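Working notes, structure below.
The values are calculated or read from the model by the stated rules, or taken from the named source; none is laboratory data. Everything quoted here is computed from the prediction, not taken from an experiment. Please note: Cβ atoms are built from the backbone with ideal geometry, for glycine as well, and neighbour counts cover all protein chains shown.
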Amino acid sequence: MKAHQQLKKPFGTAHMVDITHVRYLSWEDAFDVEFEDGLSFLEPHATIRKANHISAKAKPVEVVLDEDTRGGFEVSYDTGEVAEVSWAFIRELPPKRNGRK
């Protein structure tokens, strides 16, 4: 039996909830993002790497939560590259195309 459950809210319907903690899990190659309301998402490193055009050989060195707004975080890599990840990237999905233009 295949269970399909959409955990992220549809685009535009999520309410702002502060990020409380972010960490990189090397054994999962993903970022664990925890929110104030108790939700936690495991965001694959590949999606963050692709969205920020980070090279494949770059290794994460530091993950820094934006302390002022708690609306995102930055990932610094050993190559000097930096990925910026916003709250909406983790918590919402982009709108789906319905086939019409």
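Residue-wise test of (1) crowded, with 18+ Cβ neighbours inside 10 Å; (2) free of Cβ contacts under 8 Å to residues at least 24 places away in the same chain; (3) among the hydroxyl-bearing types (Ser, Thr, Tyr).
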residue	(1), (2), (3)
ASP37	no, yes, no
ILE48	yes, no, no
ALA51	no, no, no
VAL61	no, yes, no
VAL64	no, yes, no
SER76	no, yes, yes
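Of all the residues in the stretch 78-101, those that are surrounded by 14 or more Cβ atoms within 10 Å (Cβ to Cβ), charged (D, E, K, R), modelled with pLDDT under 80 and in a loop (DSSP other than H, G, I, E, B) number 0. The residues in the stretch 16-32 that are in a loop (DSSP other than H, G, I, E, B) and free of Cβ contacts under 8 Å to residues at least 60 places away in the same chain can be counted, and the count is 5. If you go through the stretch 50-66 and keep only what is assigned to a helix (DSSP H, G or I) and under 10 Å from GLU84 (Cα atoms), you end up with just ALA51.
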